[in-house]
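Read through the structure below, which is laid out as C-alpha cells, and then see the notes.
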Amino acid sequence: MKEPLTRQSLLTALKAGRTFASEDKNLNLWFAVNGQPMGSVVPDPGTTNVVLEATVFDEDEGQSEYVLEVWRDTIGDGNNPRQLSPAYSLKSGQKWTVIFPHEGATHELFLVHVKQKDSTDDAWSAPVWLDPAIAPETEEHTAPATDDPAIKFVATRTGNVYHYAECKIARKISARTRVEYAEAPAGKRLHAGCPFD
C-alpha cells in the first residue's frame with residue numbers, strides 16, 4: 001500500500017487517479033473494486049457481485065478506529081450519490097472487504113469516506129467507475145438481444161438509459177432485469193454512442 005513518496009511517484013499517482021483527500025497528513029487510505037484501485041475506470045462486469053476493499057492506516061495513531069461509509073452513484077440518473085448502509089467500523093491497518101450487487105449495463109461508481117472516531121479527521125477516496133461503454137467482448141454480437149423482430153429497444157427495469165436491441169451492452173442485461181420495447185421508451189434516454197457493436 002505504501003511506497004516512497006517521490007516527485008515521480010506522486011505524479012504517477014495523480015495521473016492514474018490513485019488519490020484520496022485527507023485532513024490527516026499521516027493517514028493512508030486505499031480502496032479497490034474487484035482488485036482495481038481507486039481512480040480506475042473498469043469494464044462493466046455484467047450483472048454480478050463486485051468486491052469492494054479498503055484499508056486505512058495512520059502510523060502516528062496505530063490504535064485509532066474509523067467509521068467507513070460506502071458511496072455509490074449511478075452516472076446520468078440525475079440523483080445525488082447515495083450512502084449504502086450500513087457504515088462499517090474499521091481499525092487502523094485492518095483490511096475491510098464487502099460484496100455489493102452490480103446490475104449489468106449500469107454506469108456507476110463506488111467510493112469510500114472514512115471518519116476517525118473521537119476526532120474530526122476524515123478522508124475520501126477517489127472513485128472506481130464501472131463503465132458499460134468499455135465492456136469487453138465475450139462473443140460476437142451480431143444478433144439482437146431478443147429474437148423478437150418487433151423489439152427495437154432494451155433497458156433495465158430500474159435504469160433510465162435504453163439501448164438498441166442489437167447493442168452488445170443490451171445483450172449483457174440479464175433476463176431478470178431486462179425490459180423490451182417496440183418504440184423508444186418515454187422517460188429514458190438513449191445511451192450515448194449506442195449501439196456498441
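Among the residues in the range 43-59, are any part of a loop (DSSP other than H, G, I, E, B) and in contact with a Leu (Cβ under 6 Å, 6 or more places away or on another chain)?
Yes, there is a match, as at least one residue in the range 43-59 is part of a loop (DSSP other than H, G, I, E, B) and in contact with a Leu (Cβ under 6 Å, 6 or more places away or on another chain).
Which residues, counting only those in the range 68-83, are closer than 14 Å to Val98 by Cβ and surrounded by 14 or more Cβ atoms within 10 Å (Cβ to Cβ)?
Leu68, Glu69, Val70, Trp71, Arg72
Give me the pairs, please: first residue somewhere in the range 70-87 and of a type in the set (Ser, Thr, Tyr), second residue anywhere and in a strand (DSSP E or B) and surrounded by 15 or more Cβ atoms within 10 Å (Cβ to Cβ), beta-carbon distance under 7 Å, and either six or more positions apart or on two chains.
Thr74/Glu108
Scan the range 26-62 for residues that are among the acidic types (Asp, Glu) and modelled with pLDDT under 95 and jot them down.
Asp44, Asp58, Glu59, Asp60, Glu61
Please find, among Asp73, Asp77, Asp58, the residue that is in contact with a Pro (Cβ under 6 Å, 6 or more places away or on another chain) and outside the structural domain of Gly187 (by TED's automatic domain parsing).
Answer to the selection: Asp73.
Of the residues that sit in the range 96-143 and are at pLDDT below 90 and among the aliphatic types (A, V, I, L, M), which one is farthest from Lys15 (Cα to Cα)?
Ala143
Among what's in the range 23-35 and is assigned to a strand (DSSP E or B) and buried (at least 18 other Cβ atoms within 10 Å of the Cβ), pick the residue that is farthest from the chain's Cα centre (by Cα).
Leu27
The values are calculated or read from the model by the stated rules, or taken from the named source; none is laboratory data. These numbers come from a predicted model, not from an experiment. When we count neighbours, we look across all protein chains shown, and the Cβ atoms used for this are built from the backbone with ideal geometry, even at glycine.
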